[in-house]
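Contents: one structure, followed by commentary.
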Amino acid sequence: MPKNITIYTTNTCSYCPMVKQYLKRKGLSYDEVNLEKHPEMQAEVFEKSGALTVPVTIVTKQDDSQDVVIGYNLARLAPAIA
Amino acid sequence: MPHDLVIVGAGPAALSAALYTSREDIDTVLFEKGAIGGLAAVTDWVDNYPGFEKGVAGLELSEQMRKQAERFGAKIELGEVQKIEDQGKLKKLTTTEGDIYAKAVLIATGSEYKKIGVPGEEEYYARGVHYCATCDGAFYRDKKLVVIGGGNSAAQESIFLTKFASHIDMLVRSSLKASDVLIKELAKHKDKITIHLNTTTDEIVGQDGKVTKVVGTDKNSAQKVEFPTDGVFVFVGLLPNTKFIQGSGIELDERGFIKTDIHLMTKVPGIFVAGDVRSGATLQIASATGEGATAALMIREYLETQERGPLPQAVVGHPQLYG
């Protein structure tokens with residue numbers, strides 16, 4: 001069980017609801033940061049993900065290590081939250 | 001316990017088929033690896049789907065289709081089908097969520113945007129080169145953009161991107177192939193969108209990890225042309241999603257789309273196809289939903305035949321006689 005999950009989204013992103021729905025179905029809670037409402041966070045997310053895209057999901061594990069999942073990518077997201 | 005029907009994909013064709021089959025108590029499960037609604041869900045605005053006088057947001061249309069199919073019992077699993085194997089009366093599907101079995105399968109995986117294949121495209125993928133305006137357009141507020149392509153998607157998404165970008169250079173290899181309505185709409189945004197016809201895209205150039213310009217060729221003058229930009233959006237056609245059917249015996253046409261007979265069934269009995277991934281599809285949401293409904297009726301017919309055996313020749317082809 002991850003310690004924390006944060007999803008970075010925008011208003012029009014179609015894949016963002018998919019990530020949220022997937023996590024909900026897995027019974028996991030998450031924080032959401034809308035980068036249009038918080039443009040000051042964009043540089044930080046870009047630095048962590050290396051990608052100018054959303055959704056970006058940052059999974060913080062119990063040992064504080066982090067997995068960064070770009071897009072709605074189940075092959076990456078499923079092991080990250082396991 | 002096998003499902004009656006597994007639908008691979010959850011775009012308009014898939015959701016339309018699921019609505020029909022689940023409404024007839026055919027146990028239906030859909031598998032979607034991307035966005036529910038497929039490419040329709042990532043399209044900003046849909047103006048040519050019947051029933052919406054003023055048009056409808058692609059995401060909203062997809063949500064309505066999903067809810068309607070789920071109302072009758074269709075189940076949507078979030079996962080990826082990696083392989084299909086014909087085992088006669090049953091089809092085995094290998095998925096990221098485990099193996100499942102079905103009496104019939106509908107492939108409605110649609111297509112994805114093609115890459116253009118020029119230097120710089122891979123290098124700057126998601127760091128200046130994008131394929132989804134609704135996903136990534138917001139990162140380009142008050143910035144310059146290049147849109148590559150001249151079809152409906154390129155026109156529609158360019159118009160959407162004017163919400164954010166200060167200016168858009170649209171590079172069109174030959175002439176505009178968008179609908180007249182969209183061409184008129186583009187003209188309304190001429191203060192923000194400059195259309196460059198007969199202009200190829202040759203290279204995407206960047207510096208310090210950021211895209212800085214697109215280099216192309218003006219085919220009229222054969223001169224190199226440069227377009228300074230902060231980002232590039234590519235909409236140059238569609239590629240069918242068929243990787244998972246390799247080795248299944250399902251036939252593809254020369255462009256990689258799946259061949260079917262007039263009943264939308266592939267060469268493998270019990271495996272049907274609908275929507276953009278089908279050879280001969282017209283790549284429209286309205287035709288995809290129509291094909292989904294047709295496929296559902298053909299699948300019902302197939303399942304009934306499997307249950308009771310074929311009818312006498314005289315009534316075959318007249319499903320209304322026993323439907």
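All of the numbers you see were taken from the coordinates with simple rules; none came from a lab. This structure is a prediction, so every number in the text was calculated from the model and none was measured. No Cβ is skipped: glycine too gets one built from the backbone with ideal geometry, and neighbour counts run over all protein chains shown.
Find the centroid of the Cα atoms in region B:11-27 and in region A:1-76, then give the distance between the two in whole Å.
32
Quick one: of A:Lys26/B:Lys67; A:Lys48/B:Lys163; A:Lys48/B:Lys92; A:Lys37/B:Lys54; A:Lys48/B:Lys144; B:Lys114/B:Lys144, which pairs are farther than 32 Å apart, Cα to Cα? Walk me through the numbers on the way to the answer.
Numbers: A:Lys26/B:Lys67 20 Å; A:Lys48/B:Lys163 27 Å; A:Lys48/B:Lys92 40 Å; A:Lys37/B:Lys54 28 Å; A:Lys48/B:Lys144 24 Å; B:Lys114/B:Lys144 23 Å.
Among A:Lys26/B:Lys67; A:Lys48/B:Lys163; A:Lys48/B:Lys92; A:Lys37/B:Lys54; A:Lys48/B:Lys144; B:Lys114/B:Lys144, the Cα-Cα distance tops 32 Å for A:Lys48/B:Lys92.
Kindly state, to the nearest 0.05, the FRET efficiency for A:Glu40 paired with B:Glu70, given R0 = 25 Å and r defined as their beta-carbon distance. Don't skip to the end; give the middle numbers.
On the way: r = 38 Å, r/R0 = 1.54.
Rounded to the nearest 0.05, the efficiency is 0.05.
In peptide B:97-106, how many Cβ atoms from other protein chains are near each Cβ within 10 Å, on average? Walk me through the numbers on the way to the answer.
On the way: counts 2, 0, 0, 0, 0, 0, 0, 0, 0, 0.
Whole-number average of other-chain Cβ neighbours for B:97-106 is 0.
Checking the cross-link filter: which lysines have an alpha carbon closer than 17 Å to that of B:Lys115, excluding same-chain neighbours under 8 positions apart?
B:Lys243
In chain B, which helices (entire DSSP H runs) extend 15 Å or more along their own long axis, judged by Cα positions, while averaging at least -0.5 on the Kyte-Doolittle scale?
Numbers: long enough: B:12-23 (16 Å, 0.42); B:58-71 (20 Å, -1.45); B:285-308 (35 Å, -0.17).
Both cut-offs are met by B:12-23, B:285-308.
Let me understand region B:105-186 better: what is its radius of gyration from the alpha carbons, and its Dmax, in angstrom?
That works out to 13.9, 47 Å for Rg and Dmax.
Enter the mean number of other protein chain beta carbons within 10 Å of the beta carbon of each residue in A:41-50, as an integer.
For this peptide, the per-residue mean of nearby foreign Cβ atoms is 1.
Along the charge dipole of the protein assembly as shown, which of B:Pro269, B:Leu186, A:Tyr15 sits closest to the positive end, that is, farthest toward it, with unit charges on the beta carbon of Lys, Arg, Asp and Glu (+1, +1, -1, -1)?
Farthest towards the positive pole: B:Pro269.
Kindly provide the pair-distance distribution of chain B built from C-alpha pairs, with 20 Å bins from 0 and whole-percent values in order of increasing distance.
Taking all Cα pairs of chain B, the binned fractions are 31, 50, 18, 1 percent.
Would you pull out the residues with amide H under 5 Å of B:Lys267's amide H, same chain only if 5 or more places away, H placed 1.01 Å from N?
HN-HN under 5 Å from B:Lys267: B:Glu251.
Among B:Gly292, B:Phe31, A:Val45, whose Cα projects farthest towards the positive end of the dipole of the protein assembly as shown, with charges put on the beta-carbon of Lys, Arg (+1) and Asp, Glu (-1)?
Sorting the options by dipole projection puts first B:Gly292.
Work the Kirkwood hydrodynamic radius out for chain A: mean of 1/r over every pair of different alpha-carbon atoms, inverted, in Å.
12.6
Mind jotting down the distance between the C-alpha centroids of region B:86-129 and region B:66-81, whole Å?
Measuring centre to centre over Cα atoms gives 18 Å.
Can you list residues whose amide H is under 5 Å from B:Glu203's amide H, if they're 5+ apart or on another chain and H is modeled 1.01 Å from N?
Amide H neighbours of B:Glu203, under 5 Å, 5+ apart: B:Val215.
B:Phe52 versus B:Leu197, label points 7 Å from Cα toward the beta carbon: distance in nm?
Once both label points are built, they end up 3.0 nm from each other.
How big is the protein assembly as shown along each principal axis, measuring the range of its Cα positions in Å and listing the largest first?
For the protein assembly as shown, the Cα extents along the three principal axes come out at 69, 59, 41 Å.
How big is the dipole moment of region B:35-145 about its Cα centre under a simple scheme where the beta carbon of each Lys and Arg is +1, that of each Asp and Glu is -1, and everything else is neutral? Debye, nearest 20, please.
Dipole magnitude for region B:35-145 comes out near 240 debye.
Quick check: residue separation of B:Thr282 and B:Arg255 times 0.36 nm, minus the Cα distance between them. What number comes out in nm?
Details: separation 27, 0.36 × 27 = 9.72 nm, distance 1.41 nm.
Length gained, B:Thr282 through B:Arg255: 8.3 nm.
What is the projected area of the convex hull of the Cα atoms of region B:129-234, averaged over all directions, in nm²? Could the numbers behind the result be given before it?
On the way: hull surface 24.6 nm².
The number I arrive at for region B:129-234 is 6.2 nm².
Over all distinct alpha-carbon pairs, what is the Kirkwood Rh of region B:41-82 in angstrom?
Roughly 11.7 Å, rounded to one decimal.
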